[in-house]
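As structure tokens, the structure follows; a few thoughts come after it.
The values are calculated or read from the model by the stated rules, or taken from the named source; none is laboratory data. Bear in mind that the values here come from a model prediction, so they are computed numbers and not experimental data. Cβ sites come from the backbone with ideal geometry, for glycine too, and all protein chains shown count toward neighbours.
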Amino acid sequence: MDIILELLEDLHPEVDFEQCNTLIDDKILDSFDIVSLVTDLSEEFDISIAAEELTPENFNSAKAIYEMVERLVD
Amino acid sequence: MLFTTSNFIFFIIILTTLYYLIPKRFQWMLLLSASLIFYGIAGTSYLIYISLTIVSTYIATMAIDRIQEAYNTSIKENKDSLTREERKEIKAEMTAKKKLWLVLALVFNFGILALLKYSDFIVSNIYRDFGGFGFVLPLGISFYTFQTMGYLIDVYWGKYRAERNIFKLGLFSSFFPQLIQGPISRFDDLSPSLLAEKDFNWETFSFGVQRILWGYFKKLVIADRLLIAVNTIIRNPDSYQGIYVLLGMFFYGIQLYADFTGGIDIAIGVGQVFGIRLKENFNRPYFSKSITEYWRRWHISLGTWFRDYMFFPISVSKPMIRLSKKIRKNYSNEIGKRVPVYIATLLVWLTTGIWHGAAWNFIVWGLGNGIVILISQELTPLYDKFHRKFDVKDKFYFKLFQVTRTFWLMSFLRTFDCYRDVATTFRMYFSILTVRNLSEVLNGGIMNLGLGMEDYILLAVSILILLMVSLNQRRGAIRVELSKRPVFLSYILFFTLFISIIIFGSYGIGFDQSQFIYSQF
């Protein structure tokens, strides 16, 4: 989880990612951010994130991203 | 059958009457028949092409669905006996089978689109004397192909199950209000509302009629009137240069907005008359403060289509991630991170250009947009630095500057769409710097564009109404606001709108009933 929070803070230092659960709904993360995050996550966790995973539900909060990563690592 | 013909209005009146009179379980079948009649009137051969798309998509999605189901059952039944590796192997096999159907259907359908829309352009660029194959481009083919292929990809991704009734899929693919110029709907979004049984609801019905009237007002009073001046300027590039080019850009910006949003208002309004909710395709785009924001608010359904089905799949594809990793490792972390986004952005914008038309001007227009977006992305740290130094971000004058800048930036790019010839467009850009004719334009030149003083006054008043409505929309839909006021106020307002369309609409003698601009794409 810490790694994910670190990656998110690199993108937008001004956002409180521990609390926010509307990252997509409130347009805090745009499509450029998501792709950038996916390349980081693929590198960090050695996983492959397919396009169908790029849904608002999977990226709306740090927790949702963490859950997706956990599922893909398995 | 154009939206702006009396035949279309009669068609809607008869259809609405039948729709609410017949047993509710037949409503969707009536809509399907009406859609096919609507499309058949436009061209009987068009029916063959749209049927090919519906049937091929149905076969492919049903096959994908069956493969997925067989896999799910097999995994469930053998849950305990399979090792992790075996499960992975079965999954890979299943994905490969599904992918085969996906690729076959995509190649077949985009193949039809490419053959009909792009073969003349490709061959004529190789053989200069080539006269063309003479294919007739079915109305709205780009729209229904994209909508149906979006559904196919969603089923492949397992977002939802395939529709088992081919006629219901047929209605989703051919629903007539959105067939000509969108919005490009998603199956899970539109289908429930399309297939539901509906009682007549006066509020929804009257909101629909009001939306249709508003669409006609934009199209007939504003867009088709401005079209006369725009055509005079762009069809005579030797006579109308310098300030006329800027004037043409300004007029075309308003004309295109009124034309396209007017058409979408009519489509959404017709849907609403039948109790069907079509997604909004615009969110006051001319109030955007940057080009990226503009593209999030203009033709939203096309933008999100390209984002979900092209930008994301390309930028997170395995080869792209591998390339990114390689660059990060060997050169620079920052560049490695950017590469997938940049390649995907340029490819998406190249395709968006090509989607709009088989011509170099659209390709340059598309790439132009992509390049401007990437440049503004690169300049973000500079903007941030500026905003840290100067506290102007929330100031009205700065927002006005940003909105004006975005409008003119988009207008400059859109000029490629106007002149339809790259060399002429550049010549016209150059003329803005070299030809000094402001006094000529102000001293009567503006009156030689085919519009009289009364037209300009009418346009000024209409555009002001449009602007005020847009400003008020920040607080929500105006019709909802109005419905809270005394009923007679709504009636007076919409009766005035109706009368103004009848009196001031650009039709009848002296006016050419024009197609919606986006119906050509």
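Before we move on, is residue A:4 within 13 Å of another protein chain (Cβ to nearest Cβ), of a type in the set (Val, Ile, Thr) and in contact with a helix residue (DSSP H, G or I) (Cβ under 6 Å, 6 or more places away or on another chain)?
It is false that residue A:4 is within 13 Å of another protein chain (Cβ to nearest Cβ), of a type in the set (Val, Ile, Thr) and in contact with a helix residue (DSSP H, G or I) (Cβ under 6 Å, 6 or more places away or on another chain).
Among the candidates B:386, B:362, single out the residue that is assigned to a helix (DSSP H, G or I), buried (at least 18 other Cβ atoms within 10 Å of the Cβ) and away from every other protein chain (no Cβ under 14 Å).
B:362
From the set of residues in the range A:37-64 that are within 14 Å of another protein chain (Cβ to nearest Cβ), aliphatic (A, V, I, L, M) and assigned to a helix (DSSP H, G or I), which is surrounded by the most Cβ atoms within 10 Å (Cβ to Cβ)?
A:38
Among the residues of the range A:8-19, is there at least one that is away from every other protein chain (no Cβ under 13 Å), assigned to a helix (DSSP H, G or I) and under 22 Å from residue B:338 (Cα atoms)?
Scanning the range A:8-19 turns up at least one residue that is away from every other protein chain (no Cβ under 13 Å), assigned to a helix (DSSP H, G or I) and under 22 Å from residue B:338 (Cα atoms).
For the range B:295-336: of the residues being outside any helix (DSSP H, G or I) and small (Gly, Ala, Ser), which is nearest to the other protein chains (Cβ to nearest Cβ)?
Here the answer is B:317.
Can you find a residue in the range B:271-283 that is under 14 Å from the mean Cα position of the chain (by Cα), modelled with pLDDT under 95 and either assigned by TED's automatic domain parsing to the domain that holds residue B:172 or in a helix (DSSP H, G or I) (or both)?
Checked the range B:271-283: no residue is under 14 Å from the mean Cα position of the chain (by Cα), modelled with pLDDT under 95 and either assigned by TED's automatic domain parsing to the domain that holds residue B:172 or in a helix (DSSP H, G or I) (or both).
Taking the options B:275, B:336, name whichever one is in contact (Cβ under 8 Å) with a residue 60 or more places away in the chain, farther than 29 Å from residue B:409 by Cβ and surrounded by 19 or more Cβ atoms within 10 Å (Cβ to Cβ).
B:275
Return the only residue of B:176, B:207, B:167, B:172 being surrounded by fewer than 17 Cβ atoms within 10 Å (Cβ to Cβ) and either assigned by TED's automatic domain parsing to the domain that holds residue B:108 or over 30 Å from residue B:446 (Cβ atoms) (or both).
B:167
State yes or no: is residue B:110 over 30 Å from residue B:420 (Cβ atoms), assigned to a helix (DSSP H, G or I) and away from chain A (no Cβ under 14 Å)?
no
Hey, residue B:61 hits all of (1) without any contact (Cβ under 8 Å) to a residue 60 or more places away in the chain; (2) assigned to a helix (DSSP H, G or I) but one; which does it fall short on?
For residue B:61, the failing item is (1).
I'd like the full set of residues that are surrounded by 13 or more Cβ atoms within 10 Å (Cβ to Cβ), charged (D, E, K, R) and part of a loop (DSSP other than H, G, I, E, B), limited to the range A:20-36.
A:30, the sole residue that qualifies.
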